[in-house]
1. Would you please name the residue that is surrounded by the fewest Cβ atoms within 10 Å (Cβ to Cβ), looking only at residues in the range 45-90 that are part of a helix (DSSP H, G or I) and aromatic (Phe, Trp, Tyr)?
2. So which of ALA13, ALA18 ends up being modelled with pLDDT under 90, surrounded by fewer than 16 Cβ atoms within 10 Å (Cβ to Cβ) and not in a loop (DSSP other than H, G, I, E, B)?
3. Might you check whether a residue that is under 22 Å from PRO206 (Cα atoms), touching a residue at least 60 places away in the same chain (Cβ under 8 Å) and more than 23 Å from the chain's Cα centre (by Cα) occurs anywhere in the range 141-163?
4. So, in the range 120-137, of the ones that are in contact (Cβ under 8 Å) with a residue 40 or more places away in the chain and open to solvent by 40 Å² or more (accessible area, probe 1.4 Å), which residue ends up farthest from ILE185 (Cα to Cα)?
5. VAL239 is checked against (1) closer than 26 Å to GLN129 by Cβ; (2) of a type in the set (Val, Ile, Thr); (3) touching a helix residue (DSSP H, G or I) at 6+ places or on another chain (Cβ under 6 Å) and fails just one. What number does that condition carry?
6. When the residues of the range 94-105 are filtered to those that are open to solvent by 30 Å² or more (accessible area, probe 1.4 Å) and assigned to a loop (DSSP other than H, G, I, E, B), which remaining residue is nearest to GLY56 (Cα to Cα)?
Amino acid sequence: MLRVLILGGTGDATKLVAKVANIAGIEAIASLAGRTLAPHTPDANVRIGGFGGVTGLVNYLQEMKIDILIDATHPFAHQISENAAAATWEVGIPRLMVIRPPWQKLETDNWLEVENNQDAANVLENQSQRVFLTIGRQEIGTFAHLHKIWFLMRMIDPPNADVIVPPGLILCDRGPFTLASEEEILLKYNIDTIVSKNSGGSATYPKIIAAQKLGIKVVMVNRPPVPSGEQVPDVDAAVQWLLNKLTRFQMP
């Protein structure tokens, strides 16, 4: 039996776990960081919570006798991906990253690309008045000093009580979103700028299409670098990669 640890947190990870669960000869364990209060948990063996850095992950891989690690975390979950790279190298097991392609800027898009949230906050100052902030709840404090800007802040769960939030309105909602609903939000709240991470995928892309249609500026936060290693762009490719590993594992 091939034991596979799948680091999740995305819709792709949930789909991957569901497909792997139907493959004979593989036992899948899904790991979620636990950052959302009611995560979409796959119908599989699930653990929730961090590992305690590289050392903790190394210990887990060894204790659970994990044969393969698949990193299907969010494109902006940089630290866990770095930890996974270091831990699998130390233990000596294969690692695959499932990295969905980023959104590509079209000629009709009005994007300003920045490297991080702090750069995004710097761009907004003195240039925007009503901002649709769609970076999640973890780093909204980066924008709290922008008192002259009104923010519509969309996130899955509300921020922690000790977080200083920007002025505006918090909207708790979970994708996927439709183009019609995104256009309605942008018009209802008179949004002039969207701040978004370049997460890729289809679940939150409608806001980018809506911005394009309405001529709204998008401050796009580029992805952090990923550690070196094998990677595939989607779930089907990850399944095929895993099947190839399973074949080799079963060979006498």
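1. Residue satisfying both the conditions and the ranking: TRP89.
2. Result of the check over ALA13, ALA18: ALA18.
3. No.
4. The selected residue is GLN127.
5. All conditions are met except number (1).
6. The extreme case among them is PRO94.
Yes/no per residue for (1) over 30 Å from ALA86 (Cα atoms); (2) of a type in the set (Phe, Trp, Tyr); (3) not in a helix (DSSP H, G or I):
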residue	(1), (2), (3)
GLU184	yes, no, no
LEU187	yes, no, no
ILE194	yes, no, yes
LYS207	yes, no, no
GLN212	yes, no, no
PRO227	no, no, yes
ALA238	no, no, no
LEU242	no, no, no
LYS245	no, no, no
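Residues checked against (1) within 28 Å of LEU106 (Cα to Cα); (2) open to solvent by 40 Å² or more (accessible area, probe 1.4 Å); (3) in contact with a strand residue (DSSP E or B) (Cβ under 6 Å, 6 or more places away or on another chain); (4) of a type in the set (Val, Ile, Thr):
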| residue | (1), (2), (3), (4) |
| --- | --- |
| LEU146 | no, no, no, no |
| ALA161 | no, yes, no, no |
| ALA180 | yes, yes, no, no |
| GLU184 | yes, yes, no, no |
| VAL218 | yes, no, yes, yes |
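The values are calculated or read from the model by the stated rules, or taken from the named source; none is laboratory data. Note that the structure is a prediction, hence the values are computed from the model and not measured. Reconstructed Cβ throughout: ideal geometry from the backbone, glycine too, with neighbour counts over all protein chains shown. Just the protein is used for accessible areas: all its heavy atoms, side chains included, with ligands, DNA and RNA removed. Shrake-Rupley method; radii C 1.70, N 1.55, O 1.52, S 1.80 Å.
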